[in-house]
1. Just give me the residues in segment A:174-195 being at pLDDT 85 or above and either over 17 Å from A:ASN92 (Cα atoms) or surrounded by 14 or more Cβ atoms within 10 Å (Cβ to Cβ) (or both), in sequence order.
2. Determine which single condition A:GLY157 fails, assuming it passes every other condition in (1) at pLDDT below 85; (2) surrounded by fewer than 17 Cβ atoms within 10 Å (Cβ to Cβ).
3. Could you list, in sequence order, all residues of segment B:138-163 that are part of a helix (DSSP H, G or I) and more than 8 Å from chain C (Cβ to nearest Cβ)?
4. For segment A:82-97, which residues satisfy the criterion of being facing chain C (nearest Cβ under 8 Å), touching a residue at least 12 places away in the same chain (Cβ under 8 Å) and open to solvent by 10 Å² or more (accessible area, probe 1.4 Å)?
5. Given the condition more than 14 Å from chain A (Cβ to nearest Cβ), in contact (Cβ under 8 Å) with a residue 24 or more places away in the chain, hydroxyl-bearing (Ser, Thr, Tyr) and crowded, with 16+ Cβ neighbours inside 10 Å, answer yes or no: does some residue in segment C:337-350 qualify?
6. So which residues in segment A:116-129 are away from chain C (no Cβ under 12 Å), surrounded by fewer than 21 Cβ atoms within 10 Å (Cβ to Cβ) and either touching a strand residue (DSSP E or B) at 6+ places or on another chain (Cβ under 8 Å) or in a helix (DSSP H, G or I) (or both), if there are any at all?
7. Given the options A:PHE133, A:PHE139, name the one that is open to solvent by 60 Å² or more (accessible area, probe 1.4 Å), touching a residue at least 40 places away in the same chain (Cβ under 8 Å) and assigned to a strand (DSSP E or B).
8. Check C:PRO333 against each of (1) out of contact with any Cys (no Cβ under 9 Å at 6 or more places or on another chain); (2) within 14 Å of chain A (Cβ to nearest Cβ); (3) in a helix (DSSP H, G or I) and name the one condition it does not meet.
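The values are calculated or read from the model by the stated rules, or taken from the named source; none is laboratory data. Computed from a predicted model, the values in this text were never measured in an experiment. Because the Cβ atoms are built from the backbone with ideal geometry, glycine has one as well, and the counts that use them run over all protein chains shown. All accessible areas refer to the heavy atoms of the entire protein, side chains included, with ligands and DNA or RNA removed. Shrake-Rupley method; radii C 1.70, N 1.55, O 1.52, S 1.80 Å.
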Amino acid sequence: MFEDFQFFVEVLISGLLTGILYSLVAIGFVLIYKASNVFNFAQGAMVLFAATTLVGISGFGLNIWFSALLTIPVMALLAYLVEILILRRMVNSTPISMFMATIGLSFVLLGLTQLIWGSGVHLLEFGLPSGQFIVGDVFINQFDLSVAAICAILVAGLVIFFQHTKVGLSLRAVAEDHQAAVSVGVSLSKVWVIVWFIAGIVCLVTGMVWGAKLGVQPALNLIALKALPVIVLGGLTSIPGAIVGGLIIGASEKLFEVFLGSAFGGATESWVPYVVAILFLLVKPSGLFGSTQIGRI
Amino acid sequence: MNASEFPTPPLPTPPLPTNDASIRQALVAVQGVSLSFGGNTVLSNVDLNVRSGEIYSIIGPNGAGKTSLLNCINGFYKPTAGRISFDDKDMSRLSVSRLARMGVARTFQNLALFRDLSTIDNLLLGRNLMMKTSFAQAAWYWGATRNEELNHRAAVEETVHLLQLAGVRDATVGRLSYGTQKRIEFGRALASRPKLILLDEPMAGMTQVEKSEMSAFIRTANKLLDVTVILIEHDVGIIMDLSDRIAVLDRGVKIAEGSPRQISTDESVIAAYLGTDH
Amino acid sequence: MLYRIARRLPSSHSDSLRIIARKEDRAIALVAGLFILLVVPAIAGDYVLSALLIPFLILSIAAIGLNLVMGYAGQASLGTGGFMAVGAYTSYKLATNIPEIPIVLDFFLGGLAAALAGILFGLPSLRLKAFYLAISTLAFQFFAEWLFSKVSWFWNDNASGVVSIPAFDVLGITIEGPRQSYYLVCAIVAIMTLAAVNLMRSHVGRRWMAIRDNETAARLMGISVPAAKLQAFAISSFYCGVAGALWSFVYLKTLGVSSYSIDISFKIIFMIVIGGMGTILGSFIGAAFVLLMPVVLNAVTVALSLPIDTGSVSSLEQIFFGVLVIYFVLVEPRGIMHLLGKLHKKLVSWPLNIGR
């Protein structure tokens with residue numbers, strides 16, 4: 001019985017730590033949704049694009065950190081192009097057509113990534129520890145723990161940026177009310193570029209961490225789609241929601257797979273997160289931390 | 001349409017068990033209706049009686065609760081307290097589509113048309129409830145469904161004619177001018193041949209010419225099709241001209257009710273509009 | 001140029017209810033129909049029939065299906081591949097275990113099974129909007145992929161996950177050559193297209209479009225929004241299910257879950273976005289475009305003997321389709337159909353429109 005419990009805790013912890021990886025992608029989603037009202041299906045493709053670009057640049061014999069630094073302007077360029085080519089033309093589009101446009105964007109990014117850097121699996125190694133240590137009777141991966149630390153640093157950085165800079169203030173204003181923000185002189189285009197750029201950086205960090213765990217490969221795109229149930233669960237507009245949602249999804253998919261998966265034939269992680277999210281939504285349509293809106297007629 | 005369709009002056013109604021004349025004649029009776037969202041009181045203890053066949057206007061400053069009252073009458077909101085009856089049946093708990101079935105139609109302050117459909121399709125949707133052929137018949141189309149479409153098409157053409165919409169019959173409504181869209185929305189409500197029609201600012205944003213056209217349309221519909229009208233409008237000149245009776249709402253409370261002449265001299269109304277303390 | 005549209009306005013209500021309003025256009029459609037039935041199978045080679053036309057027709061059915069729920073009823077769906085899989089596996093189970101059932105009925109029942117799945121996974125649409133719904137259909141897609149790859153009962157416990165389809169006959173004729181397959185598919189496509197066109201010009205389609213354009217107003221018209229949405233999901237999934245069954249039985253001749261992956265869901269989304277959301281004909285045009293483009297791209301690279309490997313060609317294809325989808329969504333939301341409509345208008349008023 002006690003060993004069972006210990007095993008349960010280990011599975012739970014490893015699930016929670018995988019969940020943090022989902023949270024990372026979900027944070028990018030939420031940033032973009034808040035600022036531009038776009039449900040960005042291309043988030044996974046952006047993660048892959050960032051990670052592959054990083055690997056590609058380091059392929060020229062450059063240090064991994066220096067390559068990461070060089071990837072940042074690439075993500076800025078991407079944000080800029082997305083703004084002038086897509087966002088600015090979508091002002092009056094319906095949410096669903098914006099969603100479709102981001103499906104298009106994800107194909108463009110996947111195609112570009114594979115065209116430029118090929119579709120092989122690349123290893124990414126930047127010195128995250130790989131050992132294990134023991135707390136009580138529970139094994140914990142140092143890798144997973146450092147991922148949690150990175151996530152914490154990233155979120156702290158975002159919070160500081162949004163709360164304590166002038167740009168952050170205008171971003172929050174836009175998230176609150178587009179028209180009001182525009183009327184007090186905030187430039188929407190500028191805000192969009194910045195937010196997509198920040199989301200791009202989040203993608204880069206996510207891509208690095210994930211690449212270190214699984215290798216950089218096109219499958220990352222589909223794995224990153226797990227962030228969809230995460231934000232659905234957490235509420236589209238909430239960063240805490242993205243984090244908690246990620247933890248819940250990570251933990252529940254692992255627990256389900258380990259304890260019930262064999263009864264279902266295994267490999268249930270592909271759909272369990274979605275089902276969890278949808279069942280939850282049916283109970284609370286606005287998600288964990290999303291705001292409920294009173295319908296006005 | 002021939003002259004006999006014009007209504008004759010109302011005959012004295014036969015005496016009914018009750019002595020209260022306003023209830024006896026009422027098509028819509030709003031009794032002590034209150035509505036609040038959270039702690040926010042939108043309507044408090046409102047009573048209205050709308051008689052069959054009249055044009056009844058609701059006026060009042062912004063935020064007085066006029067639209068909320070219409071929303072209660074056609075079932076979008078459920079009143080927190082009070083009772084609304086229609087044709088002597090309690091309807092304060094009925095759903096929007098149930099009320100539509102009973103003959104309540106509605107237009108909106110900010111247009112609620114089907115933007116990507118043509119004028120004719122919008123009007124046909126007004127008659128949606130009368131289309132009864134089955135799914136299988138629709139898939140086969142020829143026969144029952146086609147006949148049904150033809151009949152409704154002919155009926156809708158009457159509305160097209162009445163509201164002079166022939167020129168935009170097949171146009172996508174989202175691309176038409178605001179005034180025309182308002183007219184189409186009125187037409188869609190009329191197409192169902194309702195007993196009661198709720199018009200929420202049908203003339204907002206219109207030019208003076210369009211406004212007088214619209215009030216002529218409303219009057220024609222009221223007389224010719226015998227439809228009772230409840231109307232919200234800001235243009236007091238038009239209201240005075242068009243309405244049989246007027247109610248004035250201020251901050252969720254009915255402060256006056258009566259004929260246009262009575263309202264225009266009512267002191268509390270003047271106070272509410274001019275912002276004098278009361 | 002072709003003919004004048006002046007004084008060709010409908011002169012009665014019954015005129016305006018026709019599928020194709022103008023006499024001249026009806027003549028063109030008739031000629032096209034005869035061409036498809038008589039001339040095409042006579043002149044087309046086996047390759048063209050079995051590698052281009054048959055998949056084109058089958059995916060057109062799926063595109064019509066998706067267009068019904070997405071283009072007409074306005075409910076996003078990323079689960080087309082999953083619904084196709086339900087149709088295919090149901091038909092396979094029926095065809096192999098109860099061979100007495102005529103194969104066309106198997107396809108029909110496969111469609112019905114998909115319709116049931118559509119209703120089940122359309123249920124969230126009653127409470128969820130736009131993206132949320134898209135996510136729930138994505139959930140169905142992944143669930144279906146998992147189900148049909150894990151539960152070997154669905155492919156009669158064969159050792160391999162990809163099974164071959166037994167030969168079958170229709171009305172006593174064994175369907176083997178590409179010509180017979182072509183006629184079979186043509187017949188099914190014709191019936192299903194006609195039904196879709198009829199539904200969409202009747203009150204059924206009008207209700208769906210009303211919900212798409214304004215759900216609140218639709219309720220006000222007395223439309224039962226939940227029922228209409230589920231109906232749209234059911235009919236759409238029925239079409240996808242039949243298409244999925246045909247995809248295995250007539251085109252691939254094998255059945256494996258990888259033919260119904262999320263890739264095909266996206267492919268069919270591209271078809272309707274490019275061809276034209278909310279038009280039946282657009283589904284065909286989109287299907288033709290999406291299927292032919294890779295062939296053309298390949299031919300171009302070969303003809304110009306460009307030094308591009310196949311991997312790069314497929315990446316280019318992805319980029320190309322991505323760009324097209326963005327273009328059509330942003331600039332021409334009614335797709336190629338609308339472009340053709342504009343062209344048609346120009347042609348019939350030529351030469352009076354020169355300079356405009």
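1. A:LYS190, A:VAL191, A:TRP192, A:VAL193, A:ILE194, A:VAL195
2. Every listed condition holds for A:GLY157 apart from (1).
3. Selection gives B:ALA144, B:ASN147, B:ASN151, B:HIS152, B:ALA155, B:VAL156, B:GLU158, B:THR159, B:VAL160, B:HIS161, B:LEU162.
4. Scanning segment A:82-97 gives A:ILE86, A:PRO95.
5. The answer is no; no qualifying residue exists.
6. A:VAL121, A:HIS122, A:LEU123
7. A:PHE139
8. If we test C:PRO333 against (1) out of contact with any Cys (no Cβ under 9 Å at 6 or more places or on another chain); (2) within 14 Å of chain A (Cβ to nearest Cβ); (3) in a helix (DSSP H, G or I), just (3) comes out false.
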